[in-house]
Amino acid sequence: MPELPEVETVCRGLAKILVGHRFQRVVARRADLRTPLPRHFAERLAGRKIERVDRRAKYILVHLEGGVVLLAHLGMSGRMVIADGAAPGPHDHVIFVTDEGTEIRFSDHRRFGLMTLTTEADWPEHPLLKGLGPEPLGNGFNAAELSAELSGKSTPIKAALLDQRVVAGLGNIYASESLYRAGISPRRKARSCVGERAERLVAAIKAVLLEAIAAGGSSFSDHVQPTGELGYFQHSWAVYGREGEPCPRCASAGVACRVKRILQSGRSSFFCSRLQR
DNA sequence: AGACGTACCTGACCGC
DNA sequence: TGCGGTCAGGTACGTC
């Protein structure tokens, strides 16, 4: 479920393993993911020392010596897994081996993920990153900025939150969860989510994301699960995936009501119609 | 320009 | 048990 918190947790796990070490060997086991891998992808990474691992929206940036930057996106099903010696499976598309012998596999059965190369000088203007909106956990994301973004939009607020140009890093799960926490209906027009509603929404988004990141960090040591999986974790959501279950906040107030699911531009939205207006 | 539908790809799950 | 249909967390592109 790679939205911002999961990608952040993957980055922290990768940083622990990679920073200060070299890629001793890189193997591209197929030539394309969502997009073709760049020419000489593996050769351009092999031997280089890793200086830093960062995240921008749902993208992972691995900064290497010599100004090379590996830009990766997990798509819908991409995972980073520490290999345990077993033979790579059909969906293990790229393999990274460090100078310590740690083997990290990028596994992505749907192949909606991507990996490409850019440089220290060019990455901020990279076409994949250039149009992204503010980081929701940064200072640039606040009620005034969000109000300005939403003010002209007639689209439902749920769709606006999924638009990476408005805010970068939310996906279908955390958009629903944030609106639930803010008490705003996913159907409300974006342009009406300004002022005090934008204040609530910004606070809710930050809180929901920070809690999810904290859950990822506390679930297992160094962000590595016993299975070798990096960055994913057991986390339960208040409304996402809970159609028909009692709304937790209403239930704790002694009111019986159920989580609803609707389709918005083809994607499920989960919400409480009593609390969210 | 903005909003919407669709495509990309594979696996899991459900109902018959 | 087997099979077809549906759905899935993201993004980019084409079309109004």
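Bear in mind these aren't lab numbers, they're just calculated from the coordinates by the rules spelled out. Every value quoted in this text rests on a predicted model; they were computed, and no experiment measured them. Here the Cβ is made from the backbone with ideal geometry for all residues, glycine too, and neighbour counts use every protein chain on show.
General remarks:
- For A:LYS16, the lysines whose Cα falls under 16 Å of its own Cα, not counting residues fewer than eight places away in the same chain, are A:LYS49.
- Taking the number of Cβ atoms within 10 Å of each Cβ as an exposure proxy, the fewest-first ranking of A:HIS21, A:HIS235 is A:HIS21, A:HIS235.
- Highest-fluctuation residue, A:VAL19, A:VAL166, A:VAL202 considered, GNM on chain A with Cα pairs under 10 Å: A:VAL19
- Straight-line cross-link reach from A:LYS189 at under 25 Å between alpha-carbon atoms covers these lysines, not counting any fewer than eight positions away in the same chain: A:LYS153, A:LYS158, A:LYS206, A:LYS260.
- Screening chain A for DSSP H helices whose Cα atoms reach 30 Å or more along their own axis and whose mean Kyte hydropathy is at least -0.5 gives A:196-219.
- With neighbour counts taken as other beta-carbon atoms within 10 Å, the residues A:LYS158, A:LYS16 rank, fewest first, as A:LYS16, A:LYS158.
- Per-residue Cβ neighbour rank within 10 angstrom, fewest leading, A:LEU162, A:LEU150: A:LEU162, A:LEU150
- Between A:PHE112 and A:ARG52, the distance separating the two model label sites (each 7 Å from Cα on the Cα→Cβ line) works out to 3.0 nm.
- Order by protection proxy (mean Cβ within 10 Å, highest first), peptides A:75-82, A:180-187: A:180-187, A:75-82
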